[in-house]
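Below is one structure, written out as structure tokens; comments come after it.
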Amino acid sequence: MQSQVKQMLHSRIVRFFAILIIVVVLLHCFVFELIQVDGSSMENTLFSGDFICIEKISYRTEHPKRNDIVVVNTKKTGRKQQYIKRIIGMPGESIKIKKGFVYVNGKKLKEIKNFDVIEDGGMARNTISLGEDEYFLLGDNRNNSKDSRNVELGIVKRKQIRGKLCFRFFPLGKLGKVM
């Protein structure tokens, strides 16, 4: 009798952990993903070593918005790269960096933060016209970022966006939402 109880308890524990592993894997693949920031391109918003959470659900029902911080994938240099950047240009818009500032459809962009004046407009020194499925991204550290001004990342297609930043977990002193 005691052996049957142990066997039944063991079976329930194994089943519980199997279900738990499946749920965690599904959440990671389809809902949330934890990422460690590597590099300085998003300073003073995110810093190398920060742990952030991106969510993958909202972009299935709505379009990315200007100023969303997103994680994108690219294979332009022959190897898979992951970038964390801020959306600046939206589908159908024209982007130009002139005299250190971003212009969208010919009008100076009103930034949500005080970013440094851009020293190098890169590819955006000339007007870039975005297609219906294209986004222009910049790092918040405008003078130390490989972003849409650089051929290594370039213009980003919607399908390259893995998700948007929803929360910073670490360091604990900066725990919370990120703007």
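The values are calculated or read from the model by the stated rules, or taken from the named source; none is laboratory data. Fair warning: this is a prediction, and the values are worked out from it, not measured in the lab. Here Cβ is always computed from backbone atoms with ideal geometry, including for glycine, and neighbour counts include all displayed protein chains.
If you go through region 117-138 and pick out every residue that is part of a loop (DSSP other than H, G, I, E, B), closer than 25 Å to residue 179 by Cβ and either at pLDDT 95 or above or of a type in the set (Asp, Glu) (or both), you end up with 2. Taken together, the criteria place residue 70 among residues that are closer than 16 Å to residue 146 by Cα and either surrounded by 10 or more Cβ atoms within 10 Å (Cβ to Cβ) or not aliphatic (A, V, I, L, M) (or both). Entry remark, region 51-86: residues being of a type in the set (D, E, K, R) and within 14 Å of residue 179 (Cβ to Cβ) number 4 in total.
Checked against (1) within 13 Å of residue 156 (Cβ to Cβ); (2) of a type outside the set (Phe, Trp, Tyr); (3) modelled with pLDDT under 95, residue 89 passes all but a single condition, namely (3).
What are the residues in region 151-177 that are assigned to a loop (DSSP other than H, G, I, E, B), at negative phi and either surrounded by 15 or more Cβ atoms within 10 Å (Cβ to Cβ) or at pLDDT 95 or above (or both), if any? Give the steps one after another, and end with the answer.
If we filter region 151-177 for residues that are assigned to a loop (DSSP other than H, G, I, E, B), which is where we start, we get 151-155, 171, 175, 177.
In the following step, the residues that additionally are at negative phi were identified as 151-153, 155, 171, 175, 177.
Across region 151-177, the qualifying residues are 153, 155.
Under 8 Å between Cβ atoms, which residue pairs at least 6 apart in sequence (or on different chains) link something in region 154-179 that is farther than 30 Å from residue 96 by Cβ with a partner that is modelled with pLDDT of 85 or more and not in a strand (DSSP E or B)? Pairs that qualify, where the first residue is farther than 30 Å from residue 96 by Cβ and the partner is modelled with pLDDT of 85 or more and not in a strand (DSSP E or B), are 168/46; 168/50; 170/49; 170/50; 171/49; 171/50; 174/50. Return yes when residue 84 is in contact with a Ser or Thr (Cβ under 9 Å, 6 or more places away or on another chain) and assigned to a strand (DSSP E or B) and no when it is not. Yes, satisfied.
Could you please find all residues in region 128-152 being without any contact (Cβ under 8 Å) to a residue 60 or more places away in the chain and either of a type in the set (S, T, N, Q) or outside the structural domain of residue 114 (by TED's automatic domain parsing) (or both)? Matches in region 128-152: 129, 143, 150. The residue that is surrounded by the most Cβ atoms within 10 Å (Cβ to Cβ), among those in region 94-116 that are in a loop (DSSP other than H, G, I, E, B) and free of Cβ contacts under 8 Å to residues at least 24 places away in the same chain, is 109.
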